[in-house]
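Written out below as structure tokens is the structure these notes cover.
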Amino acid sequence: MELIETGKIVSTHGVAGEVRAEAWADSLEALLAFDVFYFEDGQPLAVERSRVHRGAVNIKLAGIDSIDEAMRLIGRVIYVDRASLHLPEGTYLVRDLLGMSAVDADTGEVYGRISQVQSTGANDVYHIETPDGRLLMAPAIPDVVISIELQKKLMKIRPLKGLFDA
């Protein structure tokens, strides 16, 4: 089982053991899809119910039935099993892209490694650190990103004219 960090318990809600979690995902609603979370030691946490409420996700975990029990969980990171993620085709986890080699789709020239994924609203932007320490930025659009090969840790790109000119 590969655990993926998905959020953090930040407070309690009410007196019946409900916790509030910040989501480390594209949306708060993403956490609602899971019926089990895990702590870093692999301990499963069955979800009785969850809902988005005031900028966080309120979660009722099985076996946590009082505010005192819930308070002991504050600050804990929650995880999901990677196998439970059902990512649509062409959707990737940032963690899988970081460190990936970025190469020219036509020539095979190595531009560098993906060092950061920046969300801009319209589309993500991949920060590529070159071997000589320069920073290149490539928009995550189909005209530029030709293919991503997770197993090979390889991203083939075709930069728009002038995109990487210094």
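Every number here is computed from the coordinates shown, using simple stated rules; none is lab data. Since the model is a prediction, treat every value here as computed from it, not as a measurement. Neighbour counts are summed over all protein chains in view; Cβ atoms, including those assigned to glycine, are modelled from backbone coordinates with ideal geometry.
Listing for the model above:
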quantity	calculated
Positive dipole terminus of the chain, leading residue within 78, 30, 10 (C-beta point charges)	10
Coil-residue GluC sites (Glu not before Pro) of the range 1-102, DSSP, other Cβ within 10 Å capped at 15	2, 40, 89
Radius of gyration and maximum dimension Dmax of the chain, Cα, Å	19.8, 62
Proximal lysines relative to residue 153, as straight alpha-carbon distance under 18 Å, when same-chain residues fewer than 8 apart are discounted	none
Stretchable slack from residue 93 to residue 135, in nm (0.36 nm times residue separation minus alpha-carbon distance)	13.0 nm
Expected 222 nm ellipticity per residue - DSSP helices of 4 or more, -39500 (n - 2.57), all of the chain, to 500	-1000 deg cm²/dmol
Inter-probe distance in nm under a simple model that places probes 7 Å from Cα toward Cβ, at residue 82 and residue 30	1.6
Bridge type composition, the chain - antiparallel percent by DSSP, nearest 5	90
Most mobile listed residue (116, 43, 151) in the chain, GNM with C-alpha springs under 10 Å	151
Surrounding net charge for residue 130, when Lys and Arg each add one and Asp and Glu each subtract one, Cβ distance under 15 Å	-3
Mean separation of Cα contacts under 8 Å, 6 or more apart, over the residue count of the range 94-152: relative contact order %	23
